[in-house]
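Okay, so here's the structure we're looking at.
The values are calculated or read from the model by the stated rules, or taken from the named source; none is laboratory data. Remember, it's a predicted structure, so these values are computed and weren't measured experimentally. For neighbour counting, all protein chains shown are included, and Cβ atoms are generated from backbone atoms with ideal geometry for every residue, glycine included. Just so you know, the surface numbers come from the protein's heavy atoms only, side chains and all, with ligands and any DNA or RNA stripped out. Shrake-Rupley method; radii C 1.70, N 1.55, O 1.52, S 1.80 Å.
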Amino acid sequence: MPHKLKLHGFNNLTKSLSFNIYDICYAKTPDHRREYREYVDELYNAERLTQILTTVTEIIGATVLNVARQDYDPEGASVTMLIAEHPVAPDEDPSKEEPGPLKESVVAHLDKSHVTVHTYPETHPDNENGISTFRVDIDVSTCGVISPLKVLNYLIHQFDSDIVTVDYRVRGFTRDVDGVKHYIDHEINSIQNYFLDETLDLYEMIDVNVYQENIFHTKMLLKDFELDNYLFGTGVDELSTDEQDQISRKLRREMLEIFYGRNMSS
């Protein structure tokens with residue numbers, strides 16, 4: 001029989017943080033697009049993703065109970081971790097509206113929760129288009145006093161993040177000693193308040209929040225655009241000025257479509 005976790009005086013609010021992280025590139029030839037997909041598939045294989053999620057559990061002060069991971073053919077990977085609490089409560093409020101660390105152990109109380117990650121390499125079906133994307137979906141779900149928002153900075157800096165969408169929601173309720181229900185146990189005005197200044201400086205950000213439902217949404221678009229950072233298998237010096245302009249327009253259109261969540265006319 002597996003060991004059962006004893007819950008006592010349990011804060012049973014569920015706090016869920018969901019990421020979509022996109023890396024965009026231009027690969028001129030079919031061979032370059034294939035090589036790009038193979039490159040990101042190997043870079044973010046199940047073993048590497050397990051290492052990243054293990055650090056996530058350290059940041060929020062959790063213990064890993066179980067790991068399920070899988071690499072897929074021809075590409076993609078998934079990792080799911082069931083996590084549990086440390087027995088020591090935090091000295092400070094872990095839900096305080098301030099940035100979390102890039103990597104730092106935070107000991108806190110947490111119960112039966114999970115973290116998951118899935119990867120999706122993808123290329124445009126039109127061989128003349130050349131656009132390739134790599135999407136990472138990450139979910140961090142916790143129960144108790146811990147806030148998964150503490151892992152924001154670390155996760156964004158672990159991937160080549162051109163566009164990021166972040167969703168945070170607090171669900172359920174917990175009672176105080178007088179029996180009064182509480183639907184959220186910490187103040188939050190914006191997900192942006194959990195980012196370090198160095199992260200805020202890198203991205204344009206838009207909030208879409210539904211405060212009365214404890215739903216918070218932030219979209220992020222990398223500010224700086226240097227074409228050479230988006231080319232795979234070739235360099236700017238190998239392209240004519242017209243080619244550079246054409247590719248730049250394709251890349252920016254792809255990024256804006258993902259950022260705004262809608263297709264744009266030519």
> In the Gaussian network model of the chain, springs joining C-alpha atoms below 10 Å, which of PRO74, PRO30, PRO121 carries the largest mean-square fluctuation?
Replying inline: PRO74
> Local charge sum around PHE19 (other residues, Cβ-Cβ under 9 Å, Lys/Arg +1, Asp/Glu -1)?
Replying inline: -3
> Which entry in (i) 24.6, 84; (ii) 17.6, 51; (iii) 20.5, 72 is this structure's computed Rg and Dmax of the Cα atoms in Å?
Replying inline: (iii)
>> Which residue fluctuates most in the GNM of the chain (Cα springs below 10 Å): ASP245, ASP176, ASP137?
In response: ASP176
> If you stretched the chain out fully between HIS186 and ASP228, how much longer would it get, using 0.36 nm times the residue separation minus the C-alpha to C-alpha distance?
Replying inline: 10.8 nm
> Out of residues 5 or more away from ILE83 or on other chains, whose amide H comes under 5 Å of its own, with H placed 1.01 Å from N in the peptide plane?
Replying inline: LEU65, SER113, HIS114, VAL115
> Based on the alpha-carbon gyration tensor of the range 148-217, what equivalent-ellipsoid semi-axes (square roots of 5 times the eigenvalues) come out, in whole Å, largest first?
Replying inline: 29, 12, 10
> Given the options GLU75, GLU187, GLU35, which has the most mean-square fluctuation in a GNM of the chain, springs set between C-alpha atoms less than 10 angstrom apart?
Replying inline: GLU187
> Per the 1.4 Å probe, what fraction of the accessible area of the chain, in percent, lies on carbon and sulfur atoms?
Replying inline: 46 percent
>> Which entries of LYS181/LYS219; LYS150/LYS223; LYS15/LYS181; LYS28/LYS219; LYS28/LYS250 have Cα-Cα distances beyond 21 Å here?
In response: LYS181/LYS219; LYS150/LYS223; LYS28/LYS219
> Can you give the accessible area per residue of the chain, in Å², using a 1.4 Å probe?
Replying inline: 53 Å²
> Counting trypsin sites (Lys or Arg not before Pro) as exposed when in a DSSP loop with at most 11 other beta carbons within 10 Å, what is the longest stretch of the chain free of them?
Replying inline: 7-222
> Under 13 Å from a point 7 Å along the Cα-to-Cβ line of TYR260: which residues of the range 117-155 have their amide N that close?
Replying inline: none
